[in-house]
Amino acid sequence: MSDPEILAIRELITSRPRATELAQRRRDIDARGREFGLPNDVTVEKVSAGGVPAEWTATPGADRGSAILYLHGGGYVIGSLDSHRHVAAEAGRASGTRTLAIDYRMAPEHPFPAAVEDALAAYRFLLDSGIKPGRICIAGDSAGGGLVVAAMLAIRGAELPQPACGWCISPWVDLACTGAAMVDNATRDPTVQKPGVLEMAGTYLAGADPKSPLASPVSGDLRNLPPLLIQVGSVETLLDDALMLARVASLADVYVDLQIWPEMIHVWHQFHPRLAAGRRAIAAAGSFIRSYTKES
């Protein structure tokens, strides 16, 4: 039986006008994120995370000795703290910890690998703040989901200790967009289409190789990375990105919890105030994160 809540959200998405000009697209995604607001018990604290604009969100009782580092989606060209604050805050609530979300630099102003550099700087900030690596989860959605794994590769390259785990929501991990679901799910996905993400990839890469592991982590060596939770909707054009990531990570002996959610669209978690499946997905991630970041 079809989920009436996701059907209503699909109708909402398809009814929205779609801007083509980048500045307007940025304003639109931020405005839509702010519409959700925050529960009254969420606190927000602006900080500089190793020179990267960022903010802490927390709910009562959040464990200050652990953290989620949250990397927003938006194809590396749109999205911000405003667009994803409600998701980052709820992730922290579900995990019993605080969330540090970062406003990493975006293209075209700051092309690849600026986003990776900022994620690494924010991770160093957490370590320098006294939070143990085994009590940190790196999480993100869409482009941010790919950035989760790219950040782990950068952490390994910097010879820093890895975080406890990673949470990849509808991850975009193949900037060449070769997955068959780009075609197979084209008529079912109301959000992401191949021409649009190829344009975003070109803007972000600015001539760099799309197979660079820090851009497309499925092209990299994922050995010795921490456990990954991968959540993806069955109707997504990025379905194969999640499957490819799970395969490459598994072949590298990384523990993977792959969850394919029937009927769900790209980053359905962002609709959690209106969508029970979004709340369930965040709750499942919270359980995963708590199991790896709890004090030993």
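The values are calculated or read from the model by the stated rules, or taken from the named source; none is laboratory data. Being a predicted model, the structure only gives us computed values, none of them experimental. No Cβ is skipped: glycine too gets one built from the backbone with ideal geometry, and neighbour counts run over all protein chains shown. What goes into the accessible areas is simple: the full protein's heavy atoms, side chains included, and nothing from ligands, DNA or RNA. Shrake-Rupley method; radii C 1.70, N 1.55, O 1.52, S 1.80 Å.
Which residue, N185, N40, N224, tops the fluctuation ranking in a GNM of the chain built on C-alpha contacts under 10 Å?
N40
Under 8 Å for C-alpha pairs, at least 6 residues apart: give me the relative contact order for segment 162-232, rounded to a whole percent. Please list the in-between numbers first.
Details: 68 pairs, mean separation 40.8, N = 71.
With pairs under 8 Å counted, the relative contact order is 57 percent.
Project the alpha carbons of segment 65-105 onto their principal axes and report the range along each, largest first, in whole Å.
Computed over the Cα atoms, the extents are 31, 16, 13 Å.
Round to the nearest 0.05 the FRET efficiency obtained for D221 and A114 when R0 = 25 Å and r is the Cβ-Cβ distance. Can you show the working numbers first?
On the way: r = 23 Å, r/R0 = 0.91.
The pair D221/A114 has a calculated efficiency of 0.65.
Can you give me the Kirkwood hydrodynamic radius for segment 23-179, using every pair of distinct Cα atoms, in Å to one decimal?
Final number for the Kirkwood radius of segment 23-179 is 15.4 Å.
When the chain is treated as a GNM, springs tying every alpha-carbon pair under 10 Å, which of A246, A101, A19 comes out with the largest mean-square fluctuation?
A19
Using heavy-atom solvent-accessible surface (probe 1.4 Å) with all chains present, what is the largest-first order of D103, D30?
Correct descending sequence by accessible area is D103, D30.
Multiplying the sequence separation of E159 and K194 by 0.36 nm and subtracting their Cα-Cα distance, what value in nm do you get?
Gain in length upon complete extension: 9.0 nm.
Between the DSSP loop rule and a limit of at most 12 other Cβ atoms within 10 Å, which GluC sites (Glu not before Pro) in segment 208-296 are left?
Counting only loop positions with at most 12 other Cβ atoms within 10 Å, the GluC sites (Glu not before Pro) in segment 208-296 are E295.
Just the number, please: Stokes-Einstein D of segment 241-288 in µm²/s, Kirkwood Rh from C-alpha pairs, 20 °C, 1.002 mPa s.
179
Using 0.36 nm times the number of residues separating D253 and T187, minus their current alpha carbon distance, what extension gain do you get? All intermediate terms of the calculation are to be shown ahead of the outcome.
Working: separation 66, 0.36 × 66 = 23.76 nm, distance 3.48 nm.
20.3 nm is the gain from fully extending D253 to T187.
Between the DSSP loop rule and a limit of at most 16 other Cβ atoms within 10 Å, which GluC sites (Glu not before Pro) in segment 72-157 are left?
Answer in residue order: E109.
Size of the dipole of segment 55-203 about the Cα centre, Lys and Arg at +1 and Asp and Glu at -1 on the beta carbon, nothing else charged, in debye to 20?
Rounded to the nearest 20 debye, it is 440 debye.
Quote to one decimal, in nm, the extra length available between T14 and A208 on full extension: 0.36 nm per residue of separation minus the C-alpha distance between them.
66.5 nm
With r defined as the distance between the Cβ atoms of E5 and S234 and R0 fixed at 22 Å, what FRET efficiency is calculated, to the nearest 0.05?
So the FRET efficiency works out to roughly 0.90.
I68's amide H: which non-local residues (gap 5+, or another chain) put their own amide H closer than 5 Å, with H modeled 1.01 Å from N in plane and none for Pro or chain starts?
Correct list: R98, T99, L100, C137.
When Rg is the radius of gyration of the Cα atoms in segment 134-276 and Rh is its Kirkwood radius, what does Rg/Rh come to?
Over the Cα atoms of segment 134-276, Rg/Rh equals 0.96.
Can you send over the carbon and sulfur percentage of the accessible area for segment 156-296, probe radius 1.4 Å, protein chains only?
Details: 3100 of 5820 Å².
Here it works out to 53 percent.
Can you tell me which of G196, G50, G144 moves the most in a GNM of the chain? Springs connect C-alpha atoms under 10 Å apart.
Ranking G196, G50, G144 by mean-square fluctuation puts G196 first.
Given H placed 1.01 Å from N in the peptide plane, which residues other than close sequence neighbours of D257 have an amide H under 5 Å from its amide H?
L228, L229, I230
Roughly to the nearest percent, how much of the accessible area of segment 1-53 is carbon and sulfur, given a 1.4 Å probe?
Working: 1970 of 3630 Å².
Reported share for carbon and sulfur atoms: 54 percent.
Find the lysine pairs in the chain meeting two conditions, Cα atoms under 29 Å apart and a separation of 8 or more places or different chains, and report how many there are. Don't skip to the end; give the middle numbers.
Details: K46/K132; K46/K294; K132/K294; K194/K211.
The number of close lysine pairs in the chain is 4.
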